[in-house]
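Below is one structure, written out as structure tokens, with a few remarks after it.
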Amino acid sequence: MYNKLVSAYKGKKIFLTGHTGFKGSWLLKTLTILGADVKGYALAPENEENLYNLIQGDKLCESVIADLRDKEKLVSSIKEFEPDFIFHLAAQPLVRLSYEFPAETFEINAIGTANLLEGVRALNKPCNIILITTDKVYHNNEWVYPYRENDRLGGYDPYSASKACAELVINSYQKSFFNINNYHEHQKAIAVGRAGNVIGGGDWSKDRLIPDIARALGNNKKITVRNPVSVRPWQHVLEPLVGYLLLGEKLLADAIKYAEPYNFGPYGEDALPVKAMVELAIEIWGKGEYEVPQLSNQPHEAGLLKLDISKAIDQLGWKPQLNAKKAVEYTIDWYKSFFEDKAGMDKYTEKQITGFLNLN
Ligand SMILES: NC(=O)c1ccc[n+]([C@@H]2O[C@H](COP(=O)([O-])OP(=O)(O)OC[C@H]3O[C@@H](n4cnc5c(N)ncnc54)[C@H](O)[C@@H]3O)[C@@H](O)[C@H]2O)c1
């Protein structure tokens with residue numbers, strides 16, 4: 001896998017949005033390991049302990065700190081750079097925050113995506129574009145069957161709906177401006193990556209399970225667990241990131257064939273209840289306790305949602321490398337190292353990435 005990705009990305013210009021965020025920082029580090037030349041576009045990292053700062057992100061890329069809603073800035077940043085690839089990860093990604101700021105969530109996630117695609121329209125060169133949405137774009141029927149790429153889109157909470165809106169925006173731009181039937185004229189290939197919840201070191205978001213666990217365990221506090229019986233598909237952050245990179249590599253080889261949406265999720269047996277995940281994390285850390293508070297008036301959160309990953313396995317040659325236990329191990333090991341030696345986290349993160357890429 002490692003060599004294949006080096007061949008695709010070494011020396012290539014990559015425009016990466018959301019490079020200061022959790023997934024974006026992992027992708028930035030991975031792309032630089034592969035030898036790519038990266039320009040990032042996002043808001044400033046939120047705190048000192050942000051993964052972006054730990055990996056010294058400013059030294060790894062040309063970093064533009066700006067808002068997706070600033071269309072002029074976004075379009076000119078893309079146009080000036082003339083990227084070979086665009087990975088669009090920047091978003092307001094939190095369900096709970098989307099209940100507090102619904103209109104802003106729609107502006108950032110849906111209109112922000114349209115602004116990015118305006119940047120693509122301004123480009124006079126071939127470019128492969130991978131837009132990152134989520135498993136939550138599917139209309140959630142709360143059924144036991146995994147969702148396929150051609151299932152109906154929807155979204156109950158504003159975050160999910162904003163990402164489903166982003167998909168409609170993408171679809172419209174694909175058909176109207178970058179129609180695959182005219183590929184040889186515009187030479188823009190657009191694909192979508194839909195991944196489920198991911199875990200991994202360096203995520204400090206509020207209201208996400210693993211960051212909550214890490215903060216509690218690192219500070220000798222009890223873990224508070226909401227929704228203990230909710231079943232979620234868990235996967236390590238490097239799994240979908242390698243999926244997005246493979247998708248980009250395939251677009252490079254055959255843009256017309258692969259310019260489509262792809263699901264990236266764990267195997268079915270790695271969809272586990274939240275409670276089982278917490279118990280596993282405590283076991284790996286070696287100590288810790290949790291409590292389940294009685295909460296009332298909680299905003300609606302979708303229940304069961306599994307992704308069918310057959311298409312990515314069959315067409316991209318991608319497959320999950322780490323089962324749930326291994327994914328939690330990778331993640332908890334990262335946080336343990338962080339609490340022991342913050343200064344060493346750049347090297348530690350690099351070691352996890354190269355180890356992962358060589359698994360394949
Ligand atoms: N983490 C997950 O479990 C998960 C699951 C499914 C999908 N996703 C998707 O993956 C992507 C990355 O998520 P993450 O977990 O790294 O989130 P994150 O909050 O860690 O990072 C978000 C990034 O977007 C940037 N951003 C936010 N608002 C912006 C704005 N108005 N203008 C410019 N940049 C802005 C931030 O600065 C940051 O770089 C998102 O599109 C998210 O919806 C994440």
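Just a few scattered comments:
- Cα-only Debye scattering, the stretch 170-276: base-10 log of I(q)/I(0) at q = 0.10, 0.15, 0.20 Å⁻¹: -0.44, -0.75, -1.01
- For the stretch 311-338, backbone nitrogen atoms closer than 19 Å to the point 7 Å from Asn220 Cα along Cα-to-C-beta are found at 336-338.
- Projected label points at Asp70 and Phe101, each 7 Å from Cα along the beta carbon direction, are separated by 1.6 nanometres.
- The chain - mean residue ellipticity at 222 nm from DSSP helices (-39,500 (n - 2.57) per run, n ≥ 4, rounded to 500): -12500 deg cm²/dmol
- Normalised contact order of the stretch 3-357, rounded percent, pairs of Cα under 8 Å and 6 or more residues apart: 18
- On full extension, the segment bounded by Leu43 and His184 gains 47.3 nm, given 0.36 nm per residue less the C-alpha separation.
- Per-selection Kirkwood Rh - the stretch 65-128 (Cα, Å, 1 d.p.): 12.4
- 19 Å reach of a label modelled at Val229, 7 Å along Cα-to-Cβ, counting backbone N of the stretch 265-285: 271-279
- For Phe339, neighbours were defined as the other residues whose beta-carbon sits under 12 Å from its Cβ, and their charges (Lys and Arg +1, Asp and Glu -1) total -1.
- 26 Å Cα-Cα threshold exceeded, pairs from Lys136/Lys175; Lys222/Lys351; Lys29/Lys250; Lys325/Lys347: Lys222/Lys351
- In this structure the amide hydrogen of Tyr41, modeled in the peptide plane, comes within under 5 Å of the amide hydrogens of Leu16, Thr17, Gly18, His19, Val64, none closer than 5 places in sequence on its chain.
- For a modelled paramagnetic label at Lys351, 7 Å from Cα along Cα-to-Cβ, the residues of the stretch 7-27 in reach, with backbone nitrogen under 20 Å, are 26-27.
- Here the spin labels are modelled as points 7 Å beyond Cα on the Cα-Cβ line, and at Glu291 and Asp341 they lie 3.6 nm apart.
- Percent of Cα pairs in the stretch 84-182 per distance bin of 5 Å, from zero to the largest separation: 3, 13, 22, 22, 18, 13, 7, 3, 1, 0.
- Distance histogram in 10 Å bins (all Cα pairs of the stretch 3-357, percent per bin): 5, 26, 36, 25, 7, 1
Rule-based calculations on the coordinates, nothing more; no lab input. Since we're looking at a predicted model, the values are computed, not measured. All Cβ positions, even for glycine, are placed from backbone atoms using ideal geometry, and neighbour counts span all protein chains on display.
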